[in-house]
Amino acid sequence: MPRSDSSLAPHEPGTVAGADWWRQAVVYQVYPRSFADANGDGIGDLKGVTSRVGYLRDLGVDAVWLSPFYPSALADGGYDVDDYRDVDPRIGTLEDFDEMVTALHAAGLKVIVDIVPNHSSDRHVFFQAALAAPAGSPERERYIFRDGLGENGELPPSDWPAAFGGIAWEPVGDGQWYLHSFAKEQPDFNWNHPDVHEEFLETLRFWSDRGVDGFRVDVANMLAKDLPEVLPSAAELLGLDSTSGHHPFLDRDEVHDIYAAWREVFNSYDPPRTAVAEAWVSSPERRARYAAPTGLGQAFNFDLLTADFDPAAFRRIVTENLAQSAAIGSSSTWVLSNHDVTRHPTRYGLPPLAGRPVKQGTEWVLAGGPADGIDLDAGSRRARAATLFLLGLPGSAYLYQGEELGLPEVAEIPNDQRQDPAYWRSLDADGWTFDGLGRDGCRVPIPWEPTGPSFGFGTGEPHLPQPGWFGQSAASAQEADPDSTLALYREALLLRRELQSGESLEWIETGSDQVLHFRRPNGWEIVTNFGAEAAPLPQGRIVLASSPVAADLPAETTVWLAPA
Ligand code: GLC
Ligand code: CA
């Protein structure tokens, strides 16, 4: 069956024009250290990204979002930033950055960079100044310092857990402790301090002046904090309502004042710079506030990413999120994978909702064990079907590097070569740990070639080891194979330029609780069979299918129907 109809318009990169380019954009996330290594030191770099601009253009994405490439000791994969307005020398220089932006823009692609405002690294000048200054000094006020408890301050101010395990307070040796919601190398800023506001306004202008089109805002829901003199215990914290807007540090109402000020900076550029919030908040209603046009403008919706491959869940999530973003004047966002979660072919190959950490002895493993209990054939089939479902939705889609190659999670990284603090610091803790093996398994340098050193990633030893089977998924091999996942993504992104119209859809009842069917305003239709049995083939002109279609609609398959 032909996957696409040659009468449809050819791919024109950069057809999304004007200030609204982001509303239905496909954004490709690059994790810079693992994308392409131009100088052979085993670490991906900006020149590597520049060398692959043709690939990104041919893939058909509209924008590239780069995870942090700033100077960093890599305590948390670069989300521990030493200097917000420079490039890590291992990744390149500001000149390399400018060159990359020029090349991406010339190919019609927008550029989004990551802003990490909840915390700096412990090597940031502000934090170094805070350490050098005494307790009670103005330098310490830019962060959240507290006296320790106990006679000499030898006990932490509270028993709050940090995201990567351990306690969220670190002593500095003089009886004071600082708050770190994540790793201890990531001290939380005090957003009640004007210097912190100024630091980020300057950073937004710095990158905007260099031609950056938008920003992804890390942990956007935790900047505003109001910690009482007597801190609640961790157990008491769990009892507090995180949707009230008055929790001591989660999703506080006044965080939006910060983004209103950022919006003024964004709107001082032409076209206005865009932003998308990473805000793991509890409800679509609370999330929508981050997406307000007077604030960041858009917010990640991780509901599909955390859902099973389940038609009722998918339908509810889509309906709820479209309603919320319409109400606030934003557009919906859809994500299946990113640098923080198990890649979706693996997730969908696990038993339902089992991609969560499970502790076996002292080791965190994916439920079912890293090597068994995963049905990768089923996972890959479902991943392709879910991807075509997602790409047919109104709103913007965020793709993570390597998902277009159908890469599963790499489970077999020797433990002593793992880098992620979510792995290292979770071994003795029962706290929040993303996925059981940490996040290195989705951050392995991607395979460009079937053979050769680091499968075409570079010429040196890659900073995270690649498994022997990686070459089977190499981009160059998939380019030549019309049935490959890469070919499917390319065709989908090409056709999507016709499919995207008004930001709405209409559900069509199918008579089966396993089949979802929706129609876009211009007549395109998407049909997904989530079930284990084949379903009747829908009427119409099928132009794309996630698995081979014959007389019926196979199990776990999505098809796209073009208007007659
Ligand atoms: C966000 C990032 C994650 C990082 C954390 C702390 O969740 O996506 O990678 O570890 O923030 O900055
Ligand atoms: Ca390099």
Item to check | Nearest-ten-degree value, helix 255-267 long axis tilted from longest Cα axis of the chain | outcome: 60 degrees
Next on the checklist: I'd like the orientation of helix 485-499 relative to the chain: the angle between its Cα long axis and the longest Cα principal axis, in ° from 0 to 90, rounded to 10.
Outcome noted: 80 degrees
Item to check | Magnitude of the charge dipole, the chain, Cβ model with Lys/Arg +1 and Asp/Glu -1, debye to 20 | outcome: 1480 debye
Item to check | Cα-based helix-to-principal-axis angle, 376-391 vs the chain, degrees rounded to 10 | outcome: 90 degrees
Checklist outcome for this item: Rounded to one decimal in Å, the inverse mean reciprocal Cα-Cα distance for the stretch 473-564, i.e. its Kirkwood radius, is 14.0 Å
Next on the checklist: How many angstrom lie between the Cα centre of the stretch 150-224 and the Cα centre of the stretch 490-533?
Outcome noted: 42 Å
Next on the checklist: With loop defined by DSSP as not H, G, I, E or B, and exposure as at most 15 other Cβ atoms within 10 Å, which is the longest segment of the chain clear of exposed GluC sites (Glu not before Pro)?
Outcome noted: 255-411
Item to check | Long-range HN-HN contacts of His119 with modeled amide H, under 5 Å | outcome: Phe189
Checklist entry - Convex hull over the alpha-carbon atoms of the stretch 98-197: what's its volume per residue in Å³? => result 123 Å³
Checklist entry - Of the accessible area of the stretch 142-281, with the probe set at 1.4 angstrom, what percent is carbon plus sulfur? => result 51 percent
Checklist entry - Out of Asn39, Thr102, Ile167, whose Cα points farthest toward the positive end of the dipole of the chain (charges: +1 Lys, Arg; -1 Asp, Glu; placed on Cβ)? => result Thr102
Item to check | Point-charge dipole on Cβ atoms (K/R +1, D/E -1) for the stretch 76-203, about Cα centre, debye to 20 | outcome: 240 debye
Item to check | Charge-dipole axis of the chain as Lys and Arg at +1 and Asp and Glu at -1 on Cβ define it, positive-most pick from Trp177, Leu204, Trp424 | outcome: Leu204
Checklist entry - Which percentage, to the nearest 5, of the DSSP beta bridges contained in the chain is antiparallel? => result 55 percent
Checklist outcome for this item: Label model pair Gln472, Ala550: point-to-point distance (7 angstrom along the Cα→beta-carbon line) in nm is 2.4 nm
Checklist entry - Any idea which of Ala323, Tyr79, Ser283 is furthest toward the positive side of the dipole for the chain, if Lys and Arg beta-carbons carry +1 and Asp and Glu beta-carbons -1? => result Ala323
Checklist entry - How much length is gained if the chain between Glu229 and Ala327 is pulled fully straight, taking 0.36 nm per residue apart and subtracting their Cα-Cα distance, in nm to one decimal? => result 31.5 nm
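Averaged per residue, what accessible surface does the chain expose to a 1.4 Å probe, in Å²? Mind showing how you got there, number by number?
On the way: 20580 Å² over 564 residues.
Value returned for the chain: 36 Å² of accessible area per residue.
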Item to check | For the chain, the fraction of alpha-carbon pairs in successive 20 Å shells from zero, as % | outcome: 21, 57, 21, 1
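Counting only protein heavy atoms, what percent of the accessible surface of the stretch 465-564 is carbon or sulfur at a 1.4 Å probe?
Taking all protein chains in place, the stretch 465-564 shows 52 percent carbon and sulfur surface.
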Checklist entry - What FRET efficiency do you get for Ala260 and Ala534 if R0 is 60 Å and r is their Cβ-Cβ distance, rounded to the nearest 0.05? => result 0.70
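The values are calculated or read from the model by the stated rules, or taken from the named source; none is laboratory data. Since the model is a prediction, treat every value here as computed from it, not as a measurement. All Cβ positions, even for glycine, are placed from backbone atoms using ideal geometry, and neighbour counts span all protein chains on display. Remember, those area values only see protein heavy atoms, side chains included, never the ligands or the DNA or RNA. Shrake-Rupley method; radii C 1.70, N 1.55, O 1.52, S 1.80 Å.
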